[in-house]
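Reading through the structure tokens given below for one structure.
Derivation of every value follows stated rules applied to the coordinates shown; laboratory data play no part. Predicted model, so just to flag it, every value in this text is computed and none were measured. Positions of Cβ are generated from backbone atoms using ideal geometry, with glycine treated the same way; all protein chains shown enter the neighbour counts.
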Amino acid sequence: MAGDFNANIMLPSNNPGKGFLDMLETANLKGPTNIEPTRITASTSLCLDVVAASTEISFQVYKILDIAVSDHLPVHVEMILEGRRTKLEPILRRSYIQIH
């Protein structure tokens, strides 16, 4: 899950950042461990842009790039994806008899 969530996690005890971090924990997701600002103005430094992943996925790299492409700094993430890969089976026929 990635995006601009408009929930400043630089202040993890204040809402909406606290609510967002609580939601990640409830969904077994994790975000950055080293929180850095992604939107910096003359009067504020906020971390609004987050990449979150399952707690089973490891972040190899999670960093904020110092590139001014908008009013938000980009988040660069590299993940280690390991584990079971399930074989996908095509559904050749589906019954709709029990749909009301």
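Dipole magnitude of the range 2-80 about its Cα centre, charges +1 at Lys/Arg Cβ and -1 at Asp/Glu Cβ only, in debye to the nearest 20?
Details: 4 positive and 9 negative charges, 24 e Å.
That gives the range 2-80 a dipole magnitude of about 120 debye.
Efficiency by 1/(1 + (r/R0)^6): what FRET value for Q60 and R94, r their Cβ-Cβ distance, R0 = 30 Å, to the nearest 0.05?
On the way: r = 39 Å, r/R0 = 1.31.
Here the calculated transfer efficiency is 0.15.
With a/c under 1.5 counting as rounded, go ahead and sort the chain into rounded, prolate or oblate using the C-alpha gyration tensor (a ≥ b ≥ c being the square roots of the eigenvalues; past the cut-off, prolate if a/b is larger than b/c, else oblate).
On the way: a/c = 2.42, a/b = 1.94, b/c = 1.24.
In terms of gyration-tensor shape, prolate.
Given 0.36 nm per residue, what is the gain on full extension from V77 to S43 after removing their alpha carbon distance, in nm? Intermediate results must be reported in sequence, preceding the final value.
Values: separation 34, 0.36 × 34 = 12.24 nm, distance 2.72 nm.
That works out to 9.5 nm of additional length.
Which is farthest toward the positive dipole end of the chain among L92, M79, A68, measuring Cα position about the Cα centre, with Cβ charges +1 (Lys, Arg) and -1 (Asp, Glu)?
Result: L92.
Counting helices only, and only those DSSP H runs with n ≥ 4, report the 222 nm mean residue ellipticity of the chain as the sum of -39,500 (n - 2.57) divided by its residues, in deg cm²/dmol to the nearest 500. It would help to have the intermediate numbers written out before the result.
Numbers: 1 runs with 10 residues, N = 100.
Taken over the chain, the calculation gives -3000 deg cm²/dmol.
Counting only other residues whose beta carbon sits under 15 Å from that of T44, what net charge do I get with K and R as +1, D and E as -1? Spell out each step's value before the answer.
Numbers: positive: R39; negative: D4, E36, D49, D71.
The answer is -3.
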